[in-house]
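Some notes on the structure that comes next.
The values are calculated or read from the model by the stated rules, or taken from the named source; none is laboratory data. Source: prediction; values computed, not measured. No Cβ is skipped: glycine too gets one built from the backbone with ideal geometry, and neighbour counts run over all protein chains shown. Quick note on the areas: whole protein, heavy atoms, side chains included, nothing else; ligands and nucleic acids left out. Shrake-Rupley method; radii C 1.70, N 1.55, O 1.52, S 1.80 Å.
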Amino acid sequence: MSTQAQSFARQRRLSDLIVNLALLILVLIWTIPTIGLLVSSFRTRFDIQTSGWWWVFPHREWTTVEEIQPGDDLDRDGVMEFAGVSGTFEELRAGIATPDGLRVTWVGNKRLGVVRVQENRWTMRTDFTLENYGQVLAGKTYEIQTAGGETKTVQGDDFTGAFLNSLTVSVPATVIPILIAAFAAYGFAWMNFPGRKFLFTMVVALMVVPLQIALVPILRDYVSLDLNGTFLAVWLAHTGFGLPLATYLLFNYIRGLPRDILESAFIDGASHFTIFTRLILPLSVPALASFAIFQFLWVWNDYLVALVFIGAKPDVQVLTMRIAEMVGSRGSDWHLLTAGAFISMLLPLIVFFSLQRFFVRGLLAGSVKG
Amino acid sequence: MQSTTDYQVKTSGFLDWIALIIGRVLISLIVPVTTFGVLIIGFRWLRDTIPTGTAEKTAVSVVAIVWGVGGAAILYVVSNWLIEQLNTKWVRRLQPFIFIGPAVAILLWYLALPTFRTFRNSLYNREGPLAVTFSTLFSAPGDFFGQLFTNFIGFDNYVAVFAENTMRVAFRNNLLWIIFGATLAVVFGLMVAVLADRSRFENAAKSLIFLPMAISMVGAGVIWNFIYEVKDIADPQIGLLNAIWVGLGQEPQAWTALIKEPWNNVFLIIIMIWLQTGYAMVIFSAAIKGIPEELMEASRVDGANEVQIFFRIMIPYIMGTIITVGTTIVIFTLKIFDIVMVMTGGQFSTQVIATQFYREAFTSNNRGSASAIAIVLLITVVPVMIYNLRQFAEEEAF
């Protein structure tokens with residue numbers, strides 16, 4: 001009996017171990033890309049371009065211990081000898097191992113190159129810097145070495161402006177749809193008017209309509225109204241595209257609130273407007289918060305709507321546009337990209353981690369968004 | 001004596017009443033007009049101000065946020081106040097439209113009407129339909145129909161959409177996205193949910209898998225560049241995948257670009273799986289916790305092993321959730337745009353429906369063809385729409 005219990009306990013421990021191991025592997029795979037970006041954003045431009053970000057961790061790397069200048073009179077077409085090994089130029093270029101574990105390599109061309117004696121050592125590259133962030137935030141200049149060897153001064157990037165634009169787009173584009181949806185949800189849940197069922201059916205139907213359907217007509221309207229490139233245009237667009245889901249979710253919540261609250265308030269002579277602002281809004285905070293986080297992340301991370309409706313105006317550009325543009329035009333400036341991308345993630349990550357519970361609740365309440 | 005006072009009271013009452021009405025009407029006009037005026041002045045100022053320097057820019061941002069949020073709230077307050085000036089009967093009749101009116105108007109403008117407008121555009125060539133003057137319908141019907149059918153090409157755009165090779169590749173790619181992307185996101189999500197449910201580190205693990213949900217697809221593109229980047233074989237690889245690949249003694253590959261299509265699409269799809277698994281996991285996790293413990297215990301007592309429990313008890317129990325999550329992710333994948341746009345720009349045969357739509361609409365300026373693509377996209381989600389409507393009708397919320 002006791003041996004059976006023991007074997008059962010052992011089996012249990014084993015299965016726990018397997019579960020945790022499998023989970024650990026998955027979590028590692030999922031986090032490594034983000035860690036890579038975070039680490040890279042603190043590395044120098046040169047390091048990013050010449051070595052993988054994982055080189056900041058201890059690893060074995062061929063490190064130069066001695067540099068030999070080959071003499072001018074050396075016959076470079078024949079067999080040469082350095083640090084106890086000998087070989088032709090081609091063999092030296094590929095690297096020759098010495099008996100005591102070192103490596104001798106010819107670096108550079110035949111005429112001007114040098115010979116390096118290298119040892120395979122444990123090292124890590126930890127020259128971390130905050131320069132990348134300075135360059136993208138303050139638009140500071142920085143110097144780069146061109147292929148020709150000369151130094152060039154290049155202007156950094158202005159992410160501060162893009163960050164402010166993202167904020168100016170996201171806050172109203174989160175609050176306005178929620179306000180409109182909350183009013184509508186109350187109307188649909190607790191008021192009587194002709195066409196109520198038809199209009200709500202329309203809300204449900206529009207939940208999955210892809211926003212691509214609206215881009216061309218709305219852009220034409222904006223051009224004729226001279227709205228294009230304004231914040232109002234983007235707020236309204238996000239409001240329109242987020243509204244069906246917001247109305248549906250808030251309707252489900254508000255309809256579920258106890259009806260006697262409403263009736264007793266009515267008997268006290270309160271109007272619908274008072275009931276809504278004084279009673280329903282405070283009671284709906286959990287539902288409002290969960291949708292707000294959802295909408296905020298969606299708007300902050302949006303690229304397409306911004307691209308279409310403010311694409312033409314560089315001074316209203318949001319972060320996602322700025323980054324996407326940099327990927328295209330300054331693909332080689334990885335150090336700016338890493339810092340920029342991380343700045344764009346900072347606010348959503350903070351919102352996400354501090355309000356995760358609400359966010360999950362919002363996801364669980366609604367399912368399909370168009 | 002008495003009668004004169006009566007008379008005076010009456011006339012003064014009448015005059016008061018008139019004054020009151022006029023006053024009310026005036027106030028009812030002045031308040032909304034002022035509100036509107038102030039909002040429009042604010043809008044003009046925001047549109048025409050080009051701030052220089054960070055401090056000024058911050059100030060403008062704050063003003064814009066206050067103007068936007070406050071403006072929306074004030075419009076509700078003012079219009080409700082206007083309605084409440086009327087008598088009770090009219091308040092009851094009109095107030096619902098203050099509540100639902102703005103929502104309905106915006107939904108009509110931004111989603112419902114564009115569906116018809118886009119469908120109409122899709123029947124015309126790249127110039128689009130002319131503005132029709134209805135007054136000519138009776139005076140000169142020939143002109144009217146002439147105007148109506150200028151640039152009209154029937155379903156030619158749709159024929160072109162399905163005949164063009166680039167579009168066919170786009171459809172195939174979207175299918176790949178659905179088959180690999182949606183399926184694997186669901187599978188991984190379920191896997192993590194089940195594993196985490198049995199682990200002591202449940203919350204930490206779930207948070208980390210969920211984290212990419214907070215990252216934009218553009219940001220994800222930058223992140224994954226550090227995985228997929230390719231360098232010459234003589235240089236050290238700075239992309240993780242190529243570093244591993246070269247470590248295994250292989251040639252470095254341009255994973256998203258030059259490797260044999262359609263396999264390069266798979267590497268873009270992986271990014272989507274990375275982003276969406278967290279979503280699937282959260283929903284599945286909640287569903288799994290809803291399975292009654294007695295059910296699992298009973299089958300354990302009957303000698304079922306964990307694998308059997310997973311396939312025979314868990315999966316059937318949460319089938320509804322799996323379908324919902326699957327549908328959501330399929331709709332999401334149908335509209336996939338940002339990842340492709342940032343990683344490859346739709347080159348190297350990685351284009352999808354949404355990038356083709358963007359190219360037609362805003363690069364080639366071909367409204368007709370772009371509209372046809374958008375309508376095709378809409379048609380693919382119609383089954384989901386019908387399903388939603390049925391569910392809603394069954395709920396009998398009304």
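Data for the structure
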item: Test: residue in segment B:337-352 that is within 16 Å of the chain's Cα centre (by Cα), open to solvent by 30 Å² or more (accessible area, probe 1.4 Å) and modelled with pLDDT of 85 or more; result: no
item: Filter pass, A:I293 being assigned to a helix (DSSP H, G or I), modelled with pLDDT of 90 or more and out of contact with any Asp or Glu (no Cβ under 8 Å at 6 or more places or on another chain); result: no
item: Some residue of segment B:282-294 being part of a helix (DSSP H, G or I), more than 14 Å from chain A (Cβ to nearest Cβ) and either more than 30 Å from B:W177 (Cβ to Cβ) or of a type in the set (G, A, S) (or both); result: yes
item: Some residue of segment A:231-246 being open to solvent by 10 Å² or more (accessible area, probe 1.4 Å) and not hydrophobic (A, V, I, L, M, F, W, C); result: no
item: Every pair of residues 6+ apart whose Cβ atoms lie under 8 Å, when the first sits in segment B:227-246 and is assigned by TED's automatic domain parsing to the domain that holds B:F267 while the second is modelled with pLDDT under 80 and hydroxyl-bearing (S, T, Y); result: B:Y228/B:T256; B:D235/A:T50; B:P236/A:T50; B:P236/A:S51; B:I238/A:T50; B:I238/A:S51
item: Test: residue in segment A:258-273 that is on the phi > 0 side of the Ramachandran plot and open to solvent by 30 Å² or more (accessible area, probe 1.4 Å); result: yes
item: Selection count, segment B:103-128, where residues are part of a loop (DSSP other than H, G, I, E, B) and either more than 29 Å from A:A233 (Cα to Cα) or open to solvent by 20 Å² or more (accessible area, probe 1.4 Å) (or both); result: 4
item: Candidate set from segment A:169-199 (those that are assigned to a helix (DSSP H, G or I) and touching a Lys or Arg at 6+ places or on another chain (Cβ under 9 Å)); member that is surrounded by the most Cβ atoms within 10 Å (Cβ to Cβ); result: A:A185
item: Flag if A:V203 is of a type outside the set (F, W, Y), open to solvent by less than 20 Å² (accessible area, probe 1.4 Å), in contact (Cβ under 8 Å) with a residue 24 or more places away in the chain and in contact with a Ser or Thr (Cβ under 6 Å, 6 or more places away or on another chain); result: yes
item: Unmet requirement for B:V78, which otherwise passes all of (1) more than 23 Å from A:L243 (Cα to Cα); (2) more than 8 Å from every other protein chain (Cβ to nearest Cβ); (3) not basic (K, R); result: (1)
item: A:T160 modelled with pLDDT under 90, assigned to a helix (DSSP H, G or I), among the hydroxyl-bearing types (S, T, Y) and open to solvent by 10 Å² or more (accessible area, probe 1.4 Å); result: yes
item: Verdict on A:I213 being more than 11 Å from chain B (Cβ to nearest Cβ) and in a helix (DSSP H, G or I); result: no
item: B:F357 being within 24 Å of B:V187 (Cβ to Cβ), within 12 Å of chain A (Cβ to nearest Cβ) and buried (at least 19 other Cβ atoms within 10 Å of the Cβ); result: no
item: Among the candidates A:I18, A:I32, A:I48, residue that is open to solvent by 40 Å² or more (accessible area, probe 1.4 Å), part of a helix (DSSP H, G or I) and either facing chain B (nearest Cβ under 9 Å) or closer than 29 Å to B:V218 by Cα (or both); result: A:I32
item: Lone unmet requirement of (1) open to solvent by less than 40 Å² (accessible area, probe 1.4 Å); (2) more than 14 Å from chain B (Cβ to nearest Cβ) for A:Q69; result: (1)
item: Segments classed as helices (runs of 4 or more DSSP H), wholly inside segment B:189-251, with at least 2 members that are at the interface with chain A (Cβ under 7 Å from one of its Cβ atoms), surrounded by 15 or more Cβ atoms within 10 Å (Cβ to Cβ) and not aliphatic (A, V, I, L, M); result: B:217-228
item: Qualifying residue in segment B:203-211 (condition: at pLDDT below 90, among the charged types (D, E, K, R) and closer than 30 Å to B:V325 by Cβ); result: yes
item: Residue match in segment B:296-310 (condition: open to solvent by less than 10 Å² (accessible area, probe 1.4 Å) and either in the same structural domain as B:R172 (by TED's automatic domain parsing) or not in a helix (DSSP H, G or I) (or both)); result: yes
item: Enumeration of residues in segment B:129-173 that are assigned to a helix (DSSP H, G or I), out of contact with any helix residue (DSSP H, G or I) (no Cβ under 6 Å at 6 or more places or on another chain) and among the aliphatic types (A, V, I, L, M); result: B:L148, B:V159, B:A160, B:A163, B:V169
item: Complete set of residues in segment A:317-344 that are more than 10 Å from chain B (Cβ to nearest Cβ), more than 14 Å from the chain's Cα centre (by Cα) and open to solvent by less than 30 Å² (accessible area, probe 1.4 Å); result: A:Q317, A:D333, A:H335, A:L336
item: Test: residue in segment B:171-178 that is over 21 Å from B:M314 (Cβ atoms) and among the polar types (S, T, N, Q); result: yes
item: Tally, over segment B:371-398, of residues that are surrounded by 15 or more Cβ atoms within 10 Å (Cβ to Cβ), within 18 Å of the chain's Cα centre (by Cα) and free of Cβ contacts under 8 Å to residues at least 40 places away in the same chain; result: 2
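To keep it simple, each residue is scored yes or no on (1) touching a residue at least 12 places away in the same chain (Cβ under 8 Å); (2) over 30 Å from B:G345 (Cα atoms); (3) small (G, A, S).
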residue: A:D260; (1), (2), (3): no, yes, no
residue: A:A270; (1), (2), (3): no, yes, yes
residue: A:I280; (1), (2), (3): yes, yes, no
residue: A:S284; (1), (2), (3): yes, yes, yes
residue: A:A306; (1), (2), (3): yes, no, yes
residue: A:P314; (1), (2), (3): no, no, no
residue: A:V318; (1), (2), (3): yes, no, no
residue: A:I323; (1), (2), (3): yes, no, no
